[in-house]
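Here's the structure, in structure tokens; my notes come after.
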Amino acid sequence: MHIYHHIDEFVPVKNAVVTIGTFDGVHIGHRKIISGIKELADSIGGETVLLTFFPHPRMILHPEDENIKLINTISEKADLLDQLGVDHLIITPFSRDFSNQSPEGYIRDVLVNKIGTKKIVIGYDHRFGKDREGGLNDLLRLGPVYGFDVVEIPEQDINEVAISSTRIRNALLEGQIELANTCLGYPFYITGTVVYGDQIGRKMGYPTANIVIEERYKLIPSDGIFAVKVKVAGDIYKGMAYIGTRPTFNGIRRNIEVNIFDFDKDIYKQKIVMEFHNFVRSDIKFSSLEGLKEQLAQDRIDVMQLLGE
């Protein structure tokens, strides 16, 4: 897959079949759309082009809203789309100037002149241009003028996509990992850098890799213990992850850490990927260190049973 970080980098391709959207999660609903554009491109000897925006439009239009959390970082989204066989991914920097284009100007300058759209696959509720005035009717009206066809995604499919995205976010925030993974079609994961921690886990016999995620907009699941698989330098290990404030130690700051089973390598400053497979239990405050250690021993047994030995 070719990735472009600005619309100006893209050179029009033959018979471009285009779709547009945030595609957050790249979940099973999105995959149905992507499968459709691939089939359409194959039928006309064309190539698929997915146009997305970063930062997310709401981050620019509503900067005061700090509650915007996305299922994927932009790099994770690109990896997932690459796995699905999209030919071209255009990541357009979203700005107020971009949002202030007239609907026809957007169609003419971006979709036609910049991308060379021959077919556009779009939802009935897709909005674009200044004050979101543009929509499906504009595309249908101007398609014959500029030489492209419009394929409407049925309302039912669009509603399923929207419901799935909301359902996935809510499920993750409520610790319903299995439900989120079913809707995604793959295990939810985070990508982060291992940093030095307080060594609390090591002192208890459960050394953990403390993970920092640079992208503040990345959605993090609820606090608790999780059964996970960790990808380190191409290898995959089982482990139990912890998200929380360490209430037993009167902590305040929220931490993400993982005890990787049968692992003793130095991975400080390395990037790792952590897949969430099961929710094990909620985060609780223990009355003693011994009580916490006993629970961690049971957690490890539970995690191994969930992941399969």
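The values are calculated or read from the model by the stated rules, or taken from the named source; none is laboratory data. Every value quoted in this text rests on a predicted model; they were computed, and no experiment measured them. Note that we place each Cβ from the backbone using ideal geometry, even for glycine, and neighbour counts take in every protein chain shown. These accessible areas exclude ligands, DNA and RNA; they are computed on the full protein's heavy atoms, side chains included. Shrake-Rupley method; radii C 1.70, N 1.55, O 1.52, S 1.80 Å.
A few remarks follow.
- Charge sum, other residues only, whose C-beta stays under 13 Å from V11's C-beta, Lys/Arg counted +1 and Asp/Glu -1: -2
- Gap separating the Cα centres of the range 245-298 and the range 170-193, nearest whole Å: 18 Å
- Long-range HN-HN contacts of V273 with modeled amide H, under 5 Å: K231
- Label-point separation in nm, I68 to K130, each point 7 Å along Cα→Cβ: 2.2 nm
- Only protein heavy atoms count here; under a 1.4 Å probe, M59 has an accessible surface of about 50 Å².
- Total formal charge among the other residues, if their Cβ is under 14 angstrom from that of V110, Lys/Arg +1 and Asp/Glu -1: -3
- Antiparallel bridges, percent of DSSP beta bridges restricted to the chain (to nearest 5): 60 percent
- For the chain, averaging the sequence separation of C-alpha pairs within contact (under 8 Å, six or more residues apart) and dividing by the residue count gives a relative contact order of 16 percent.
- Derived scalar couplings ³J(HN,Hα) [the range 256-264; Karplus, 6.51 cos²θ - 1.76 cosθ + 1.60; whole Hz; x for Gly, Pro]: 10, 8, 9, 8, 8, 5, 6, 9, 9
- Taken along the Cα-to-beta-carbon direction at a fixed 7 Å, the label points for N113 and K285 span 6.2 nm.
- Within the shell defined by Cβ-Cβ distances under 12 Å, the residues around T191 carry a net charge of -1, with Lys and Arg each +1 and Asp and Glu each -1.
- Full-stretch length increase - D157, K271 - with 0.36 nm per residue and alpha-carbon distance subtracted: 37.4 nm
- By a 1.4 Å probe calculation restricted to protein chains, S102 has an accessible surface near 60 Å², given to the nearest 10.
- Cα gyration tensor shape of the range 188-309, rounded if a/c is under 1.5, else prolate or oblate by comparing a/b with b/c: rounded
- Ellipticity estimate at 222 nm from DSSP helix runs (n ≥ 4, -39,500 (n - 2.57)) divided over the chain, nearest 500: -9500 deg cm²/dmol
- Heavy-atom accessible surface of the chain: percent carbon and sulfur, 1.4 Å: 50 percent
- Whole-Å semi-axes of the ellipsoid equivalent to the range 121-183 (Cα gyration tensor, √5λ, descending): 33, 13, 8
- With the convex hull drawn over the C-alpha atoms of the range 1-114, the volume per residue is 103 Å³.
- Between S35 and K14, the FRET efficiency from the beta-carbon distance, with R0 = 25 Å, is close to 0.75.
- Amide H within-cut-off set for K218, under 5 Å, with H built and near neighbours excluded: L70
- Rolling a 1.4 angstrom probe over the protein heavy atoms with all chains in place gives the chain an accessible area of 49 Å² per residue.
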